[in-house]
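Visitor: Just dropping this structure here.
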Amino acid sequence: LDPGQRFCPLHAHAREEELFFVLDGNPSVRTPAGTIRCRKGDFIALPVGDTGTHQLLNESAARAIVMLLARYEAVEACYYPDSDKLLVGTPAPIAGRTSIMVAAHPDLDYFHGEG
C-alpha cells in the first residue's frame, strides 16, 4: 500500500471476518473509535458487525505491506457508514449480477414499488 493510498472505504461485514498482518511499514486502521497506527508484526482482527468496522490506509511516508486473511462467505453484505450504502453479494447471479451496491437510505417499505 503506497503512501497516501487506502485499500478500502470504511466498512463493516455481516459475515466475513478479516485479519490484517503487517509485513512491513506503518499502515493505519481507521475505526469509528479512531485511527490506529500499526507497525511491522501487528495482527489486527476484525470481527463481523459494527465492532469490526474498519478501513485500511497508509498515512505514512513509506510503502506498507499488509497480508489480508479473510473468511469467505458465498452470501455477504457490507455496510459503508461514510457513504451510507450497502453491498450485497450472492454466489449465483440474480438479474445477471453477483453483487449490487445500493443506498441504505431512505428506508423503504417491503412493498415499495410493488403493484
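Visitor: For T51, what charge total do you get from the other residues with a beta carbon under 15 Å from its beta carbon, if Lys and Arg give +1 and Asp and Glu give -1? Let's see the in-between values first.
Guide: On the way: positive: R15, R30; negative: E16, E17, E18, D50.
Taking every Cβ under 15 Å from that of T51, the sum is -2.
Visitor: In the chain, with Lys and Arg counted as +1 and Asp and Glu as -1 at Cβ, which of these residues, N26, L86, A14, has the Cα nearest the positive end of the dipole, that is, farthest along it?
Guide: N26
Visitor: Give the value in nm², to one decimal: projected area of the alpha carbon convex hull of the range 21-115, averaged over all directions.
Guide: One quarter of the hull surface, i.e. the mean projection, equals 8.4 nm².
Visitor: Excluding ligands, DNA and RNA, what is the solvent-accessible area per residue of the chain at a probe of 1.4 Å, expressed in Å²? It would help to have the intermediate numbers written out before the result.
Guide: Numbers: 7500 Å² over 115 residues.
Per residue, the chain has an accessible area of 65 Å².
Visitor: If one computes the Cα centroid of the range 81-107 and of the range 1-78, what distance in Å separates the two points?
Guide: Measuring centre to centre over Cα atoms gives 21 Å.
Visitor: Which percent of the accessible heavy-atom area of the range 1-63 goes to carbon and sulfur, probe 1.4 angstrom?
Guide: Roughly 50 percent, rounded to a whole number.
The values are calculated or read from the model by the stated rules, or taken from the named source; none is laboratory data. Keep in mind the model is a prediction, meaning the values are calculated, not measured. Cβ sites come from the backbone with ideal geometry, for glycine too, and all protein chains shown count toward neighbours. Each accessible area value is taken on the protein alone, full model and side chains, heavy atoms only, with ligands, DNA and RNA left out. Shrake-Rupley method; radii C 1.70, N 1.55, O 1.52, S 1.80 Å.
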